[in-house]
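This report concerns only the one structure given below.
All of the numbers you see were taken from the coordinates with simple rules; none came from a lab. Bear in mind the structure is a predicted one, so any value in this text is a computation, not a measurement. Every residue, glycine as well, gets a Cβ built from its backbone with ideal geometry; the counts of neighbours run over all protein chains shown.
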Amino acid sequence: MRILFLDEKMFDIDGVYNSQNDRVWAPNRTAANRRDGIQTKRNFPTKVLVWLGACSKGVTPLVIFQDGTVDHARYIKEVLPVALKYGNHVFGSNWTFQQDGAKPHTHHLTQQWCRDHFSAYLEQHQWPPNSPDLNPLDYCIWDELAQAINWDKVASKTTLIDELRRASKKVRLDVVFESCDFWTTRLSRMAKSEGEYLQ
């Protein structure tokens, strides 16, 4: 309950998606389509990459990358100080920082920054790759954020950013707490299933 989880996610004006993490569990393609397995999207929708941290105490301020890509230098400059400030504010000095295996996270300068600033953090070899079942943001909080967006107001990059900022303040604390509290149970289930996706 003293872990700050983080994740990045791409939003676009057609809605939220993550081709790596968003899955539809169904016995066949026909059943998957009935459960929203096919979604129509524009060929080149306007996109915005965002970063969010979550823990049993709530969510961090949202970091929005309005343009360009995120490399290790930008990640160190724009994300890690936000995570550090938030974690120290809600937990004091006794907490653990979690990040996945994305390249900006595993870069040696990022790892050094984490060693120098966080009292405890999960190093890259301690977190499994492609692990949406173990991150509260993936299995719960991103959906909560997306549901809080008024998609009728999203027509451009500017309105998408405005709605993302507004929605991040509407994420329910009880949902965040419960999703983080459930993490150890999910970790145990994942170990028993030998890393298979949880259904």
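Based on the Cβ-Cβ distance from residue 173 to residue 46, what FRET efficiency comes out when R0 is 35 Å, to the nearest 0.05? After rounding to 0.05, the efficiency reads 0.70. May I ask for log10 I(q)/I(0) of segment 99-190 at q = 0.11 Å⁻¹, from a Debye sum over the Cα atoms as equal point scatterers with solvent left out? The calculated log intensity ratios at q = 0.11 Å⁻¹ are -0.46.
The phi-based Karplus calculation (6.51 cos²θ - 1.76 cosθ + 1.60; θ = phi - 60°) puts the 3J(HN,Hα) values of segment 152-163 at 5, 8, 8, 10, 8, 4, 4, 5, 5, 4, 4, 5 Hz, whole numbers, x for Gly and Pro.
Taking 0.36 nm per residue of separation and subtracting the current Cα-Cα distance, fully stretching the chain between residue 146 and residue 69 would add 25.5 nm.
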